[in-house]
Amino acid sequence: EHAVIGVTGLGVMGRNLARNFARHGYTVAVHNRTEAKTKALIEEFGNEGVFIPAETPEAFVASLSRPRKIVIMVKAGASTDAVIEEFAPLLEPGDILVDGGNAHFLDTRRREKALRERGIHFVGCGISGGEQGALEGPSIMPGGPKEAYKYLGPILEDIAAKVDGVPCCAYVGPDGAGHFVKMVHNGIEYADMQLIAESYDLLRKGVRMSPAEIAEVFRTWNTGRLESYLIEITTIVLSHMDPSTGKPFVDVVLDQAEQKGTGRWTVQVALDLGVPVSGIAEAVFARSLSGHAEMRQAARILPGPTGGGLPSSFADDVEEALYASKVVAYAQGFNEIQAGSAEYGWDIDLGAMATIWRGGCIIRARFLDRIRAAYEADPNAPTLLSDVFFAAELSTAQRAWRDVTVAATRRGIPAPGFSSALAYYDGLRAERLPAALLQGLRDYFGAHTYRRVDRDGVYHTQWERLGHPEVRVDV
Ligand code: 6PG
């Protein structure tokens, strides 16, 4: 008997993905560079389905039915290239290599092109949901040749999470599109987590609630429009007591956030594409700031106001601010997907992306169904904020949103996520922006020219001449 699909790289994610395929009745070939992991998988979970363990790449490839479908689950970067080089020579035209790691989409574009020239389909595939998602149903974002999706799609849709019976897996677009969307997913994840952390900080230092009390607040929020995986696990982490000291877990963990890089990529790419993802950028910078122990130590001498003094009803305002800022973060992420799609000609369906993020992934949230509806109503909406539903929500939230940023500022509690989200909202809705002055300054010192509100053309003011006469320079 031949395997329908194979998984190479049996770390936690790879192992759980292989088990997920097996549990759905697919015969799965499994392979790992060091054989011990393959053996352990068979010993521990061999009874969950039909596995074909392979000791060598040759045996692994030989055990697969055609077209061969191989999912690579190794650490993103050089290991992925090494594994591709190991397997590609053993494959035949039409076979499919899937990279399920968090690869940079430009690497995926390069790999896809190189493998296409060798007749092999390369599918850069975002997979979200952590260990549990991989096992019980992740959100899957496959890119690459559409031809490959014919064979791969039904299997991936089968093992993906389902929401209202709809699989959280859809073809994203050519070459790097799948990994691009996964990258932006992670950027939104960073922003979402930062906003949750700021909410906690405000309740802790502003209202002086205990972590356990704050957990209760989050538990209530999770019954409403904020219902999401990240809010749900926040209640668990906040109520956890450290077994060795009996203190709240959040008080014994070093407050320096780490990152593997996908959030940073989201911002780097956004800078290149010219998309203002300020909320995601603030989240990346907040992690970076937290990690600068020396700077933080040195700055401890700086004065600030004392916290406290906010009533417990302030929590309701924080809920509004969190919701509104979260809408901004998602709006920015979707704009980046829109821009990437235009730049690389991917034709990504934003409504479909919102649909497959409703379940399985880390940022799964009830309100994604609203985002789906918004993009289904207007696939090319310039911003999610002006969708009728979200516009109404934001207009209700803005009073509390402003109060929360004011309260944070007054009490010296850093809330860069909330503040930047609000500044973005105000920036977009402003009739006039001070960018006109920036243009004037640029024209003054560098003759960089400007356009006018009342006439077509490109102009320069001769600042050095008496009376500063203006000349049109594009004729
Ligand atoms: C997911 C996650 C996952 C990512 C972690 C860690 O969708 O399942 O995004 O892919 O590895 O979130 O990211 P950081 O270490 O950068 O926080």
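The values are calculated or read from the model by the stated rules, or taken from the named source; none is laboratory data. Everything quoted here is computed from the prediction, not taken from an experiment. Don't worry about glycine lacking a Cβ; one is built from the backbone with ideal geometry, like all the others, and counts go over all protein chains shown. SASA here: full protein model, heavy atoms, side chains in, ligands and nucleic acids out. Shrake-Rupley method; radii C 1.70, N 1.55, O 1.52, S 1.80 Å.
If I ask for residues that are touching a residue at least 12 places away in the same chain (Cβ under 8 Å), touching a strand residue (DSSP E or B) at 6+ places or on another chain (Cβ under 9 Å) and either open to solvent by 80 Å² or more (accessible area, probe 1.4 Å) or outside any strand (DSSP E or B) (or both), which ones from the stretch 453-475 would you list?
Applying the first criterion (touching a residue at least 12 places away in the same chain (Cβ under 8 Å)) to the stretch 453-475 yields 457-461, 463, 471-475.
If we keep only those that are touching a strand residue (DSSP E or B) at 6+ places or on another chain (Cβ under 9 Å) too, we end up with 457-461, 471-474.
Selection gives Gly457, Val458, Arg472, Val473, Asp474.
Screening Ser63 against (1) within 24 Å of Pro154 (Cβ to Cβ); (2) under 29 Å from the mean Cα position of the chain (by Cα); (3) not charged (D, E, K, R) leaves a single unmet condition, (2). As a summary of the residue check, Glu336 satisfies the conditions (1) within 25 Å of Val207 (Cα to Cα); (2) of a type in the set (Asp, Glu); (3) within 16 Å of the ligand (Cβ to nearest atom) except for the one numbered (1).
Evaluate the stretch 241-260: report whether one residue or more is in a helix (DSSP H, G or I) and open to solvent by less than 40 Å² (accessible area, probe 1.4 Å). Don't jump to the end; show me each part of the working.
Initially, the stretch 241-260 is screened for residues in a helix (DSSP H, G or I), giving 249-252.
Subset that is open to solvent by less than 40 Å² (accessible area, probe 1.4 Å): none.
No, the stretch 241-260 contains no residue that is in a helix (DSSP H, G or I) and open to solvent by less than 40 Å² (accessible area, probe 1.4 Å).
On inspection, Glu112 does not qualify as open to solvent by 30 Å² or more (accessible area, probe 1.4 Å) and touching a residue at least 12 places away in the same chain (Cβ under 8 Å).
Table: residues versus (1) within 30 Å of Ala134 (Cβ to Cβ); (2) at pLDDT below 95; (3) surrounded by fewer than 23 Cβ atoms within 10 Å (Cβ to Cβ).
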residue: Trp357; (1), (2), (3): yes, no, no
residue: Arg364; (1), (2), (3): yes, no, no
residue: Arg370; (1), (2), (3): yes, no, yes
residue: Ala381; (1), (2), (3): no, no, yes
residue: Thr409; (1), (2), (3): no, no, yes
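On the basis of being touching a Ser or Thr at 6+ places or on another chain (Cβ under 9 Å), assigned to a loop (DSSP other than H, G, I, E, B) and of a type outside the set (Val, Ile, Thr), does Ala212 make the cut? For Ala212, the condition - touching a Ser or Thr at 6+ places or on another chain (Cβ under 9 Å), assigned to a loop (DSSP other than H, G, I, E, B) and of a type outside the set (Val, Ile, Thr) - is not met. When the residues of the stretch 184-209 are filtered to those that are of a type in the set (D, E, K, R) and open to solvent by less than 10 Å² (accessible area, probe 1.4 Å), the one that is farthest from His104 (Cα to Cα) is Glu198.
Quick check on this structure: which one of Phe105, Phe51, Phe122, Phe87 is at pLDDT 95 or above, over 27 Å from Thr262 (Cα atoms) and of a type in the set (Phe, Trp, Tyr)?
Details: Phe105 fails: over 27 Å from Thr262 (Cα atoms); Phe122 fails: over 27 Å from Thr262 (Cα atoms); Phe87 fails: over 27 Å from Thr262 (Cα atoms).
Phe51 is the lone residue from the list that is at pLDDT 95 or above, over 27 Å from Thr262 (Cα atoms) and of a type in the set (Phe, Trp, Tyr).
Is it the case that some residue within the stretch 50-59 is within 21 Å of His121 (Cβ to Cβ) and acidic (Asp, Glu)? For the stretch 50-59, residues within 21 Å of His121 (Cβ to Cβ) and acidic (Asp, Glu): present. As for the stretch 72-87, it holds at least one residue that is among the β-branched types (Val, Ile, Thr), within 16 Å of the ligand (Cβ to nearest atom), touching a strand residue (DSSP E or B) at 6+ places or on another chain (Cβ under 7 Å) and within 15 Å of Ala29 (Cα to Cα).
Here's the yes/no breakdown for (1) crowded, with 16+ Cβ neighbours inside 10 Å; (2) within 16 Å of the ligand (Cβ to nearest atom); (3) assigned to a helix (DSSP H, G or I):
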residue: Leu230; (1), (2), (3): yes, yes, yes
residue: Trp265; (1), (2), (3): yes, yes, yes
residue: Pro276; (1), (2), (3): yes, no, no
residue: Ser288; (1), (2), (3): no, yes, yes
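Listed by first and then second residue, the pairs with beta-carbon distance under 7 Å, at least 6 apart or on different chains, first residue in the stretch 349-372 and under 18 Å from Ile127 (Cβ atoms), second aliphatic (A, V, I, L, M) and open to solvent by 30 Å² or more (accessible area, probe 1.4 Å), are Thr355/Val166; Arg358/Val163; Gly359/Val163. Out of Leu310, Leu322, one residue alone is in a loop (DSSP other than H, G, I, E, B) and either in contact (Cβ under 8 Å) with a residue 12 or more places away in the chain or within 18 Å of Val388 (Cα to Cα) (or both). It is Leu310. Is there a residue in the stretch 304-322 that is on the phi < 0 side of the Ramachandran plot and touching a Pro at 6+ places or on another chain (Cβ under 9 Å)? Within the stretch 304-322 (the criterion being on the phi < 0 side of the Ramachandran plot and touching a Pro at 6+ places or on another chain (Cβ under 9 Å)), the answer is no, since none of the residues qualifies. Considering every residue within the stretch 66-84, establish whether at least one is acidic (Asp, Glu) and over 13 Å from Gly124 (Cα atoms). No, the conditions are met nowhere in the stretch 66-84.
The number of residues in the stretch 1-30 that are open to solvent by 10 Å² or more (accessible area, probe 1.4 Å) and under 19 Å from Val123 (Cα atoms) comes to 2. Checked against the criteria, Ile362 counts as touching a strand residue (DSSP E or B) at 6+ places or on another chain (Cβ under 7 Å), within 16 Å of the ligand (Cβ to nearest atom) and under 25 Å from Leu422 (Cβ atoms).
Per the listing Val181, Val163, the residue uniquely open to solvent by 10 Å² or more (accessible area, probe 1.4 Å), farther than 22 Å from Val7 by Cα and either in contact with a Gly (Cβ under 6 Å, 6 or more places away or on another chain) or within 12 Å of the ligand (Cβ to nearest atom) (or both) is Val163.
Total residues in the stretch 341-377 satisfying the condition of being over 22 Å from Tyr323 (Cα atoms) and either part of a loop (DSSP other than H, G, I, E, B) or touching an Asp or Glu at 6+ places or on another chain (Cβ under 7 Å) (or both): the figure is 6.
Please work out if Ile413 is of a type in the set (Val, Ile, Thr), open to solvent by less than 20 Å² (accessible area, probe 1.4 Å) and assigned to a helix (DSSP H, G or I). So Ile413 does not fit the description; no. Beta carbons closer than 6 Å, at least 6 apart along the sequence or on distinct chains, pair a first residue in the stretch 119-139 that is part of a helix (DSSP H, G or I) with a second that is within 12 Å of the ligand (Cβ to nearest atom) and of a type in the set (Val, Ile, Thr) for Glu131/Val12. Inside the stretch 75-101, residues that are assigned to a loop (DSSP other than H, G, I, E, B) and either more than 19 Å from Leu152 (Cα to Cα) or without any contact (Cβ under 8 Å) to a residue 24 or more places away in the chain (or both) make up a count of 3.
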